[in-house]
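Here the structure comes first, spelled out in structure tokens, and everything after it is commentary.
The values are calculated or read from the model by the stated rules, or taken from the named source; none is laboratory data. Values in this document were obtained by computation on a predicted structure and should not be read as measured data. For neighbour counting, all protein chains shown are included, and Cβ atoms are generated from backbone atoms with ideal geometry for every residue, glycine included. For accessibility, only protein heavy atoms count, side chains too; no ligands or nucleic acids. Shrake-Rupley method; radii C 1.70, N 1.55, O 1.52, S 1.80 Å.
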Amino acid sequence: QIQLIESGGGLVQAGGSLSLACAASGNAVGGHDIAWFRQAPGKEREFVAAKFRNSSGGKIKYADSVKGRFNIVRDNAMNVVYLQMTNLKPEDTAAYYCAADPNGQYFVDEYDYWGQGTQVTVSS
């Protein structure tokens, strides 16, 4: 089973930046679609960004709410995917999860493997 571990969360002021990392086992980054989701308490988990595997074209997708502010970077050799976040807003506050699947897209149930999450809190 693929293991994913997120890191880099923390507390930041609105307008600030954070970079999250998702480290994967088993050379998962290169062979899988990797996505970031987030979930605030009491809310559904929502899609944030994805970097799809090179064999399927390597497409990058962002949710409209983060487009222009977040950047997903994939390092296949190191089995790490980063989510670089800038101009953070209080509404970005959530637990952020990375997910992997041989062929995932934008929905939670399309991903077989999940990390445990890292908390991002943005204060006003």
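So here's what we get for this one:
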| quantity | calculated |
| --- | --- |
| Qualifying residue in the stretch 83-96 (condition: hydroxyl-bearing (Ser, Thr, Tyr), under 14 Å from the mean Cα position of the chain (by Cα) and at pLDDT below 95) | no |
| Where a residue in the stretch 73-91 is free of Cβ contacts under 8 Å to residues at least 60 places away in the same chain and its partner, wherever it lies, is hydroxyl-bearing (Ser, Thr, Tyr) and part of a strand (DSSP E or B), with Cβ under 7 Å and at least six apart | VAL73/TYR82 |
| Selected residue (only one of ALA50, ALA35, ALA40, ALA21 is touching a residue at least 40 places away in the same chain (Cβ under 8 Å) and over 13 Å from the mean Cα position of the chain (by Cα)) | ALA40 |
| Test for ALA77: is it over 13 Å from the mean Cα position of the chain (by Cα), aliphatic (A, V, I, L, M) and surrounded by fewer than 22 Cβ atoms within 10 Å (Cβ to Cβ) | yes |
| Those residues of the stretch 1-49 which are open to solvent by 30 Å² or more (accessible area, probe 1.4 Å), closer than 16 Å to ASP75 by Cβ and small (Gly, Ala, Ser), in sequence order | SER7, GLY8, SER19, ALA23, SER25, GLY26, GLY30, GLY31 |
| Residue within the stretch 68-91 that is under 19 Å from VAL12 (Cα atoms) and in a helix (DSSP H, G or I) present | yes |
| Yes/no for ARG69 being among the basic types (Lys, Arg), surrounded by 14 or more Cβ atoms within 10 Å (Cβ to Cβ) and within 19 Å of ASP112 (Cβ to Cβ) | no |
| Residue satisfying all of: in the stretch 87-124; of a type in the set (S, T, N, Q) and farther than 18 Å from LYS61 by Cβ; most open to solvent (accessible area, probe 1.4 Å) among these | GLN116 |
| Top-ranked residue of the stretch 1-50 - restricted to ones that are of a type in the set (A, V, I, L, M, F, W, C), modelled with pLDDT of 95 or more and part of a loop (DSSP other than H, G, I, E, B), ranked as nearest to GLY115 (Cα to Cα) | ALA40 |
